[in-house]
Amino acid sequence: MPRKSVSAPAGDAPLRQGLLPGLLGYRLRLAQQAIFRDFADSIPDLSPGRVGVLVLIESNPGVTQSRLARAVGIDRSTLVGLLHELEARNLVQRRRGTDRRTNGLWLTAKGAALLARTLPLIARHEERVAAGLSASERSRLLALLGRLLG
């Protein structure tokens, strides 16, 4: 007796996406998740956000916590917790500012060394995630994303 073909359970069939593929936020979020997964696999010591903070501190020695929080788009209280962690790892140093109400931020030698070791890994990560784009497409994508930011 011939076997009947059994269809896959409904839970295994791909979901219809509805309007989602046409939504910028949805597509950007999926891309971000894929990029962050590759980043985590490539750079286990630091998250993308922590790398961003370290790069900004390196590029702006003595930056205040308030200016850094604005630059990375997080509230000061969230940044304070992140800075506590980076200080505990001896990657960042806070120094009292000139007006005694602010703290300036500097990378420690260990923070600078970790960032220096991490930058080539980030370059390879960037090459991987942009491998499907030509140089002009990558440049255009960056420009378009910049326009979305305002």
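Throughout, read-outs are computed from the coordinates displayed, never taken from laboratory work. Small disclaimer: the values here were computed from a predicted structure and weren't measured. When we count neighbours, we look across all protein chains shown, and the Cβ atoms used for this are built from the backbone with ideal geometry, even at glycine.
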Give, rounded to the nearest 20 debye, the magnitude of the charge dipole that the chain has about its Cα centre when Lys and Arg contribute +1 at Cβ and Asp and Glu contribute -1 at Cβ. 260
Most positive-pole-ward Cα, S42, N103, L79, against dipole of segment 42-108 from beta carbon charges: N103
Take D41 and L24, extend 7 Å from each Cα along the Cα→Cβ direction, and tell me the distance between the two endpoints in nm. 2.9
FRET efficiency (E85, N60; Cβ distance; R0 25 Å; to 0.05) is 0.80
Mind checking which of T118, A130, S66 is farthest towards the positive end of the chain's charge dipole, using Cβ charges of +1 (Lys, Arg) and -1 (Asp, Glu) about the Cα centre? S66
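Between A130 and R100, take the C-beta separation as r, use R0 = 35 Å, and let me know the FRET efficiency to the nearest 0.05. Walk me through the numbers before you get to the answer.
Working: r = 45 Å, r/R0 = 1.30.
Efficiency computed from Cβ-Cβ geometry: 0.15.
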Hey, rough spin-label estimate for Q32 and L142, points 7 angstrom out along Cα→Cβ, what's it come to in nanometres? 2.0
